[in-house]
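Notes follow the structure.
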Amino acid sequence: MTPTEERVAELVTEGLSNPDIAAEMFLSRRTVQTHVSNALAKLGVASRTEIAREAARRNPR
């Protein structure tokens, strides 16, 4: 994943909505939606919950 997709996935993991992520990252909602869609495809998952699960598995803190 790109650094931006990783950051978006991290914010999804924190429970932020697309509009909240857009505001946090100074991006449009559509751009955030594209990054979320790309993350879903690259991680091979089907939901935001699974993004969070996969991100936690890859980067345990």
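The values are calculated or read from the model by the stated rules, or taken from the named source; none is laboratory data. All figures in this text were calculated on a predicted structure; none of them were measured in a lab. Note that we place each Cβ from the backbone using ideal geometry, even for glycine, and neighbour counts take in every protein chain shown.
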Anything in the stretch 9-33 that is of a type in the set (Val, Ile, Thr) and under 10 Å from the mean Cα position of the chain (by Cα)? List them, or say none. Val12, Thr13, Ile21, Val32
Considering residues of the stretch 20-49 that are among the charged types (D, E, K, R) and at pLDDT below 95 only, the residue surrounded by the most Cβ atoms within 10 Å (Cβ to Cβ): Arg48
Please state which one of Glu54, Glu6 is assigned to a helix (DSSP H, G or I), acidic (Asp, Glu) and either at pLDDT 95 or above or surrounded by 17 or more Cβ atoms within 10 Å (Cβ to Cβ) (or both). Glu54
